[in-house]
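Data block below; observations after.
Just so it is clear, none of the values below were taken in a lab; they were calculated from the coordinates. All values reported here derive from a predicted model rather than from experimental measurement. Neighbour counts run over all protein chains shown; Cβ positions are idealised from the backbone, glycine included.
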Amino acid sequence: DAGVIQSPRHEVTEMGQEVTLRCKPISGHDYLFWYRQTMMRGLELLIYFNNNVPIDDSGMPEDRFSAKMPNASFSTLKIQPSEPRDSAVYFCASRSAVGNSPLHFGNGTRLTVT
Amino acid sequence: AQKVTQAQTEISVVEKEDVTLDCVYETRDTTYYLFWYKQPPSGELVFLIRRNSFDEQNEISGRYSWNFQKSTSSFNFTITASQVVDSAVYFCALSEVVAGANNLFFGTGTRLTVIP
C-alpha cells in the first residue's frame, strides 16, 4: 500500500526562479495538507484541502505561494518567485475523513534557494 | 500562545535505559486529539499514536507507552529499554475538533539520542 508520495526529494534553485512541489496522497484520503518545516518555526501548516477544495490557506506566507489540487490524486505547491528564506522541508500529508484519523506524511521535499 | 509544549529540546541516554519525553498541551476544547510522531534522521514523519480526549487509558505498544493525564494536560511518552534505532526527533501534536478546524499543532520536538 503506497504512502504519500512527494517529488522531488531535493530541489536546489536560484532566487527568483519558480519552484513546483508535487504530492500524490494516499488513495481514498479526502484531506490533503501542506506543511513547512524550518529550524526557526518548526512545523507549520500552509494549506489544506478537503475533497480537492482549499479550505484554509491562512498559513500560506504570501502571494508568492500557491497550491492547487486538480484531482483527488494530485496536488502542487508553487513558489514564484522563490527567495532564500523559502528554504525548508515541505511536507505533504493526507488523511481519511473518518473521525480524526492521523495524518500520513510523505518523505518531504528539501528546498534550497540560493 | 503555544498550544503544545515540549520543554525538553534534547535528551541523551545510554542504550537500554528508559526515557520519558514530556508533552504539555493547552486547549479550551473539550474534544481534542493528541498525537506523537517520530522523525528519524532520514527525515520522514512517522505516526506513532493518537489519543482522544475522552480516553485517558494509558497505552502500551511494545517498548513504547503513553501516559495521558487531563488533570495536568500532559501526554508523556516513555521508551523502555531504549535502542539506537530510537534516535530521532519526537513530536507531540494536538488537534482541536472545532467546527471546520482541521489543524494539527505541533510542539517543537525533542531530539532523542541513544548512545550505544
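Some observations on this one:
- Beta bridge orientation in chain A: antiparallel %, DSSP, nearest 5: 90 percent
- Most mobile of B:SER12, B:SER87, B:SER74 in a GNM of chain B (Cα contacts under 10 Å): B:SER12
- Taken residue by residue and averaged, Cβ atoms of other chains lying within 10 Å of the Cβ of B:48-56 number 1.
- Those trypsin sites (Lys or Arg not before Pro) in the range A:14-113 that DSSP places in a loop and that have at most 16 other beta carbons within 10 Å: A:ARG41, A:ARG64
- Antiparallel %, DSSP beta bridges [both residues in the protein assembly as shown], to 5: 90 percent
- Gyration tensor verdict on chain A (Cα atoms; rounded if a/c is under 1.5, prolate if a/b is larger than b/c, oblate otherwise): prolate
- Comparing A:MET69, A:MET40, A:MET60 in a Gaussian network model of chain A (Cα springs below 10 Å), the most mobile by mean-square fluctuation is A:MET40.
- For the range B:10-61, the list of chymotrypsin sites (Phe, Trp or Tyr not before Pro) that fall in a loop by DSSP and count at most 15 other C-beta atoms within 10 angstrom reads B:PHE54.
- Within the same chain, lysines fewer than 8 places from B:LYS3 are excluded, and of the rest, those with a Cα less than 30 Å from its Cα are A:LYS24, A:LYS68, A:LYS78, B:LYS38, B:LYS70.
- Net charge over other residues, Cβ less than 11 angstrom from the Cβ of B:ARG28 (K, R count +1; D, E count -1): -2
- Gain in span if fully extended, B:VAL13 to B:VAL97, counting 0.36 nm per residue against the direct Cα distance: 26.6 nm
- Evaluated at q = 0.14, 0.15 Å⁻¹: base-10 log I(q)/I(0), Debye formula over Cα of chain B: -0.55, -0.62
- Considering only B:GLN39, B:GLN69, B:GLN57, the Gaussian network model of chain B with Cα springs below 10 Å gives its largest mean-square fluctuation to B:GLN57.
- Size of electric dipole in chain B: Cβ of Lys, Arg +1 and of Asp, Glu -1, about Cα centre, debye, nearest 20: 140 debye
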